[in-house]
1. State all residues of region 40-92 that are within 17 Å of Leu23 (Cα to Cα), outside any helix (DSSP H, G or I) and among the charged types (D, E, K, R); if no residue qualifies, say none.
2. Restricting attention to region 128-157, which residues are out of contact with any helix residue (DSSP H, G or I) (no Cβ under 7 Å at 6 or more places or on another chain) and either free of Cβ contacts under 8 Å to residues at least 40 places away in the same chain or crowded, with 16+ Cβ neighbours inside 10 Å (or both)?
3. What is the residue count in region 106-137 for residues that are more than 24 Å from Asn282 (Cβ to Cβ) and not in a loop (DSSP other than H, G, I, E, B)?
4. Checking the condition crowded, with 17+ Cβ neighbours inside 10 Å, in contact with a Ser or Thr (Cβ under 6 Å, 6 or more places away or on another chain) and not β-branched (Val, Ile, Thr), which residue from Gly46, Gly10, Gly30, Gly99 passes?
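Nothing in this text is a laboratory measurement; each read-out follows from the coordinates by a stated rule. Computed from a predicted model, the values in this text were never measured in an experiment. We place every Cβ from the backbone using ideal geometry, glycine too, and count neighbours over all the protein chains shown.
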Amino acid sequence: MKPPAILLMGPTASGKTSLALELAERFPLGIVSVDSALVFSDMDIGTAKPDRETLARFPHRLVDLITPEEHYSAARFREDALAAMAEITAHGQIPLLVGGTMLYFRALLEGLADLPRADPVIRAALDAEAREKGWPALHAELAMRDPQTAARLSPGDSQRIQRALEICRLTGGGMTELLAREREAPPRYRFLKLALLPSARPPLAERIARRFQAMLADGLIEEVECLRRRYRLHPGLPSMRCVGYRQVWAWMEGEFDRAELADRGIFATRQLAKRQITWLTNTLPGEVFDCLETGLGEQVMERVAEFLRSGAKISDSPSGLSV
């Protein structure tokens, strides 16, 4: 029988981390982070990284892997995650993969097509075009060259628009075409896929607003100032494109007033949550639990216990909660 593994997926502010800690208290689990922001060291406040005490008690693999100057890819995540899962399984524990980077979850489950490596010359040209015309204009170009990829990206999603256009210019085709090619074999695990989704959007939006305000109060601005002093950063780096950091950087560069910072950060985080929910409902179906439900912890505990007892095949059908 394949060894078990649990995926705990959900949008930002859905309570994934606290639920993961509850599960790790009760079951023999090894936690693996599935978060493209938590890989960066010294980025703690804006990423909602668990504090040192929590990480000491419940070690999270794939946290603090690289500096904010470096790049991390879905391909590297898959390699690192599979290695971490094998290590956890070898120690008699069950991998619990927790996060909101849905591309990483898909890369793990479905493998990756052989995409071309990044080209610094093309990326620099795209950045120059974006400064002149704006990312929405480049999104419009992508819509003509690769309409399927453009349809799932927002006009302001600079990092993914850049990568998609880079592939178009390198290959003459589009990412959609390349992703349809043969992928690596799926991992040999028996997965329980749990999706935390809100039964209503406004309460999640309120959570997001409170959390971003708390990040500002906890020193997000000071954290970005420290990062800028310590590392050689620029706004095009993936680390500084992370929600929250991007808005603080823009404010520091005088793009808008301090009074607008919170509103812009909250809006960007809500847009991120919207994209994550779309991924979960359309691309990564799992067993849905209402992240706003008071008894969420108990419900998930029961489902995990049943999964580990029975070893039965897990259904991929969503439960039909309104999202």
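1. Answer for region 40-92, where residues must be within 17 Å of Leu23 (Cα to Cα), outside any helix (DSSP H, G or I) and among the charged types (D, E, K, R): just Arg61.
2. If the condition is that a residue be out of contact with any helix residue (DSSP H, G or I) (no Cβ under 7 Å at 6 or more places or on another chain) and either free of Cβ contacts under 8 Å to residues at least 40 places away in the same chain or crowded, with 16+ Cβ neighbours inside 10 Å (or both), then Ala128, Arg131, Glu132, Lys133, Gly134, Pro136, Ala137, Ala140, Met144, Pro147, Ala151, Asp157 are the ones that fit.
3. The qualifying residues number 15.
4. Gly99
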